[in-house]
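Report on the structure given below.
We did not get these values from a lab; they are worked out from the coordinates using the rules stated. Just so we're clear, the structure is a prediction, and the values are computed from it rather than from any experiment. Note that each Cβ is placed from the backbone with ideal geometry, even for glycine, and that neighbours are counted across all protein chains shown.
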Amino acid sequence: MSERTLVLVKPDGVSRGLVGEVISRIERKGLSLVALELKHVSKELAEQHYAEHKERPFFGSLVEFITGGPVVAIVVEGVRAVPAFRQLAGGTDPVEKAAPGSIRGDFGTEVQYNLVHGSDSADSAKREIDLWFPNL
Ligand code: DAT
Ligand code: MG
């Protein structure tokens, strides 16, 4: 069953020149790109995107980070796209949780600078795609 997920290459991934690497891994996994945009993220969009974390101590710095440079937002489609991209990304902590071979495991060291976002469920994907690509 085909489904969609929202992928973000966060500002650290863009500034480190890893956009092509991330897209390449998505394509090699067998997933398709449906929409792609380089975006400067407003504080409002960042706060809505990460609304589930608004009570967490890192929320302020997370919003500051994600609005601090352009991100590449991608709608990805394919069979089991949501968990498939989470697998490609690796766990949230690039050192403790993300396995080597994953994007975070291969390229990251710090939790905040973990390079990519991927929706965590089909419901989150729908909410996030509506937020980032209202015209899709
Ligand atoms: P994920 O991005 O793997 O879905 P999450 O939804 O729990 O992880 O958190 C969203 C982002 O917030 C995460 O990618 C990086 C940041 N973050 C999470 N936990 C953090 C922490 N303990 N300290 C700093 N940043 C954190
Ligand atoms: Mg999450």
Exercise for the section: Run down the lysines and flag those whose C-alpha is under 16 Å from the C-alpha of LYS54, throwing out any fewer than 8 positions away in its chain. Expected result: LYS43
Practice task
Give me the lysines in straight-line cross-link reach of LYS29: C-alpha distance below 23 Å, same-chain residues under 8 apart excluded.
Solution key: LYS10, LYS97, LYS126
Handout entry: Residue-wise HN-Hα coupling along segment 84-96, computed from phi with Karplus coefficients 6.51, -1.76, 1.60 (Hz; x: Gly, Pro)
Key = 5, 6, 4, 5, 4, 5, x, x, 4, 8, x, 9, 7
Handout entry: Cα gyration tensor shape of segment 4-69, rounded if a/c is under 1.5, else prolate or oblate by comparing a/b with b/c
Key = prolate
Exercise for the section: Search the structure for amide H atoms under 5 Å from the amide H of ALA35, placed 1.01 Å from N in the peptide plane, and list their residues when 5 or more places away or on another chain. Expected result: VAL75
Practice task
Using a/c under 1.5 as the rounded threshold, could you call the chain rounded, prolate or oblate? The axes a ≥ b ≥ c are square roots of the C-alpha gyration tensor eigenvalues, and prolate needs a/b larger than b/c, oblate otherwise.
Solution key: rounded
Completion exercise
Scalar couplings 3J(HN,Hα) for segment 110-127 by Karplus 6.51 cos²θ - 1.76 cosθ + 1.60 (θ = phi - 60°), nearest whole Hz, x for Gly and Pro, are 10, 4, 5, 9, 9, 6, 9, 10, x, 3, 9, 6, 4, 5, 4, 4, 4, 4
Problem - Lys/Arg +1, Asp/Glu -1 at C-beta; the chain dipole; positive extreme among PRO94, LEU31, HIS117 - result: LEU31
